[in-house]
Amino acid sequence: MALVRNMKKYWVFYVMMLPGAAFLILNNYIPMLGVLIAFKSVNYEIGMLKSPWVGLDNFQYLFKTTDAWIITRNTILYNAAFIVLNLVVPVAFAIFLNEMRNKFFAKVHQTILFLPYFLSMVVVSYLVYGFLHDTHGFVNTTVMKSFGLEPVQWYFQKEVWPYLLPLVNTWKNVGYYAVIYLAAVIGFDDEYYEAATIDGASKWQQIKSITIPLLVPMMIIMTLLQIGRIFYADFGLFFQVPRESGPLFPVTNVIDTYVYRTFIALGDVGLSSAAGLYQSICGFILVFVSNWVVRRIDKDKALF
């Protein structure tokens, strides 16, 4: 067989692959056995495997509540906004940084952009709290006061947070994505730009006709990867930043926080697992559908 012949011929490479394959199996595939919890009523005394089956009861309980619609809506809409913002804003910054003539200042700006990415969401939550605190926050004590407006209890105003959370997420991640796109831009052949300059193309025309088209494959790959996680939310962003404010739950509760709160409040690991499995299956389907659409348009730009 061809497989046996290849293994004999390239056995060294297969041996080199063993540690990575073992880690992948132990860390990613064996834990998948835990999806059984979604279909069982877990009894800790007899263990997961011996616990009685309940079929789709956990899923029925999840989808009969209004929470299912709320957390799905919030997760999809927020992540859709994140995908757009994490595409447009970092690409713009990457192009700006590449066009800066003084490379020292370009590096300084790049470092400043990248710094928030290394901050934990706990730190970010306190930074936001410092801006939005009812009595001592910068917004209430300085901004609102300068306009002659009364202080606002921001952690009770759910109308503000659908705009605030995407802003915080973009501020934190723009540096990370900008570096990825900047690395791609730096790798473009300078001959394209030299030819465009000779033809009299302006900087904007070069960006529109050369830089952005050459960035499209990278933009598609990054977008597909983010679409695959559209049913996964940044737990720290939605749990830490709103500071567990109950009035904000209708606009800040997502699948990840719902799973956490369900397990903490009810101790129902089956219901939590059902919500997590629902999240994974939807994300898996979306990746394949999105990749199929890209392949239909241009198969060379598809992820797989």
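Values computed for the structure shown
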{"read-out": "Residue check for Y163: under 18 Å from the mean Cα position of the chain (by Cα), within 30 Å of K299 (Cβ to Cβ) and of a type outside the set (D, E)", "value": "no"}
{"read-out": "Failed item, numbered, when N6 is tested on (1) open to solvent by 60 Å² or more (accessible area, probe 1.4 Å); (2) touching a residue at least 60 places away in the same chain (Cβ under 8 Å)", "value": "(2)"}
{"read-out": "Residue that is farthest from L224 (Cα to Cα), among those in the stretch 67-76 that are touching a residue at least 60 places away in the same chain (Cβ under 8 Å) and not acidic (D, E)", "value": "I70"}
{"read-out": "Y117 of a type outside the set (S, T, N, Q), surrounded by 14 or more Cβ atoms within 10 Å (Cβ to Cβ) and either modelled with pLDDT under 85 or in a loop (DSSP other than H, G, I, E, B) (or both)", "value": "no"}
{"read-out": "Residue list for the stretch 49-66, restricted to those being more than 31 Å from the chain's Cα centre (by Cα), open to solvent by less than 90 Å² (accessible area, probe 1.4 Å) and either among the aliphatic types (A, V, I, L, M) or on the phi > 0 side of the Ramachandran plot (or both)", "value": "V54, G55"}
{"read-out": "Only one of R261, R229 that is of a type in the set (K, R), within 28 Å of L113 (Cα to Cα) and surrounded by 15 or more Cβ atoms within 10 Å (Cβ to Cβ)", "value": "R229"}
{"read-out": "The stretch 129-163, subset in contact (Cβ under 8 Å) with a residue 40 or more places away in the chain and part of a helix (DSSP H, G or I), residue farthest from L77 (Cα to Cα)", "value": "Y129"}
{"read-out": "The stretch 84-101, residues that are open to solvent by less than 50 Å² (accessible area, probe 1.4 Å) and over 15 Å from F188 (Cα atoms)", "value": "N86, L87, V89, P90, A92"}
{"read-out": "Selection from the stretch 165-197 of residues that are without any contact (Cβ under 8 Å) to a residue 40 or more places away in the chain, in contact with a helix residue (DSSP H, G or I) (Cβ under 6 Å, 6 or more places away or on another chain) and open to solvent by 60 Å² or more (accessible area, probe 1.4 Å)", "value": "Y192"}
{"read-out": "Some residue of the stretch 264-285 being at pLDDT below 80, farther than 19 Å from R73 by Cβ and among the aromatic types (F, W, Y)", "value": "no"}
{"read-out": "Among (1) outside any loop (DSSP other than H, G, I, E, B); (2) open to solvent by 90 Å² or more (accessible area, probe 1.4 Å) - the single one I37 does not satisfy", "value": "(2)"}
{"read-out": "The stretch 198-221, subset surrounded by 13 or more Cβ atoms within 10 Å (Cβ to Cβ) and of a type in the set (V, I, T), residue farthest from A178 (Cα to Cα)", "value": "I210"}
{"read-out": "Criterion violated by S272 - all others in (1) among the hydroxyl-bearing types (S, T, Y); (2) touching a Phe, Trp or Tyr at 6+ places or on another chain (Cβ under 6 Å); (3) part of a loop (DSSP other than H, G, I, E, B) satisfied", "value": "(3)"}
{"read-out": "Qualifying position, being touching a Pro at 6+ places or on another chain (Cβ under 8 Å) and of a type in the set (V, I, T), among V139, V128, V152, V124", "value": "V124"}
{"read-out": "All positions within the stretch 232-257 that are of a type in the set (A, V, I, L, M) and either open to solvent by 10 Å² or more (accessible area, probe 1.4 Å) or farther than 30 Å from N291 by Cα (or both)", "value": "A233, V241, L248, V251"}
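The values are calculated or read from the model by the stated rules, or taken from the named source; none is laboratory data. All values derive from a computational prediction rather than experimental measurement. Using ideal geometry, Cβ is built from the backbone for each residue, glycine included, and neighbour counts are taken over all protein chains shown. Side chains included, ligands, DNA and RNA excluded: accessible areas come from the protein's heavy atoms. Shrake-Rupley method; radii C 1.70, N 1.55, O 1.52, S 1.80 Å.
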